[in-house]
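Worksheet: one structure, shown below.
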Amino acid sequence: MKKHNKLAALALVGGVLFSVVSCNKDNDNEPVKDGIERSELIFTEVSGDGVEAHGDHFHGLGNGVEGESITIKFDENGTAISNGHLHLEADAVYKIELKAWDYTGKEVHNDFIANKATADNYKAFLIGGDFILNPDSDHESGAIFQPREQTYADGERVTGQYETTGILSYFTIGHDNEGPTKEVTYVLRKLNTRVKETISRVDWNRSDYATKFPGENILELKFDIHAEHGHGH
């Protein structure tokens, strides 16, 4: 009898341990455990009388009208395999949406903004291109990259620039950046604790972002942008 009781007790302990391990694994707050197999950046032009650049952000986006879209497709290494050379109107504003899938075919882009606690670990940058930023432009003709989610995936409201991530962003290249083709990289970075709250809207193109904002890159999507004269010129 004692032997059977001992075996039953061991089985019970084993079951409890297995449950604890399983729960910890399920709740480790890591959106993409096995990597991203493919991803996309969807550029959609947004226009309207009130849509305009202002300093480090845009005005009028809430009332903007969406036009044509173009999708860049990337492989597992972040190499563009479709539409990797973009021609953008210099003065146009574009909504940029990130889409990403893991190796099981599951969409995972919203996992990075599942809730505030998760999103606090992630921020998007647009690196390279040697852009003249709009706050440094004499005529509001520089580049702006503005992460702009309104809600987390769980429905809670995103409040302010320090909470936005960049799964949804808005971008203009600006007339000041017309000329040679620009090689850029969309970076989604997992940040160390409390780093995100130090990143402001003017930090999106910093060449020293990796040392200034410690963490590791989850995605590095490389593509080219060529600015064309635009509507007003």
Conditions (1) touching a strand residue (DSSP E or B) at 6+ places or on another chain (Cβ under 6 Å); (2) open to solvent by less than 70 Å² (accessible area, probe 1.4 Å); number of the one not met by Thr118: (1)
Name every residue in the stretch 207-224 that is out of contact with any His (no Cβ under 8 Å at 6 or more places or on another chain) and surrounded by 15 or more Cβ atoms within 10 Å (Cβ to Cβ), in order of residue number. Tyr209, Ala210, Phe213, Gly215, Asn217, Ile218, Leu219, Glu220, Leu221, Lys222
Answer yes if at least one residue in the stretch 90-101 is assigned to a strand (DSSP E or B), without any contact (Cβ under 8 Å) to a residue 40 or more places away in the chain, of a type in the set (Gly, Ala, Ser) and open to solvent by less than 50 Å² (accessible area, probe 1.4 Å), and no otherwise. no
Restricting to strands (runs of 3 or more DSSP E) lying wholly in the stretch 121-222: which have 1 or more residues that are within 22 Å of Leu98 (Cβ to Cβ), modelled with pLDDT of 95 or more and among the charged types (D, E, K, R)? 122-128, 182-191
Check whether at least one residue in the stretch 137-146 is surrounded by fewer than 18 Cβ atoms within 10 Å (Cβ to Cβ) and under 14 Å from the mean Cα position of the chain (by Cα), and report yes or no. no
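When the stretch 64-78 is examined, which residues are found to be open to solvent by less than 70 Å² (accessible area, probe 1.4 Å) and either of a type in the set (Val, Ile, Thr) or under 20 Å from Asn217 (Cβ atoms) (or both)?
Residues satisfying the conditions are Ile70, Thr71, Ile72, Phe74, Asp75, Gly78.
Report, by residue number, each residue of the stretch 68-86 that is among the small types (Gly, Ala, Ser) and over 19 Å from His226 (Cβ atoms).
Gly78 - this is the single residue of the stretch 68-86 that is among the small types (Gly, Ala, Ser) and over 19 Å from His226 (Cβ atoms).
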Can Asp130 be described as in contact with a Gly (Cβ under 7 Å, 6 or more places away or on another chain), open to solvent by 70 Å² or more (accessible area, probe 1.4 Å) and within 21 Å of Asp208 (Cα to Cα)? no
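Report yes if Gln150 is open to solvent by 50 Å² or more (accessible area, probe 1.4 Å), within 19 Å of the chain's Cα centre (by Cα) and under 23 Å from Gly48 (Cβ atoms), otherwise no.
Yes, satisfied.
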Tell me, which residue of the stretch 186-200 that is open to solvent by 30 Å² or more (accessible area, probe 1.4 Å) and hydroxyl-bearing (Ser, Thr, Tyr) is farthest from Gly166 (Cα to Cα)? Thr193
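The values are calculated or read from the model by the stated rules, or taken from the named source; none is laboratory data. Predicted, not measured: the structure shown is a model, and the values here were computed from it. Glycine gets a Cβ as well: all are built from the backbone with ideal geometry, and neighbour counts include every protein chain shown. Each accessible area value is taken on the protein alone, full model and side chains, heavy atoms only, with ligands, DNA and RNA left out. Shrake-Rupley method; radii C 1.70, N 1.55, O 1.52, S 1.80 Å.
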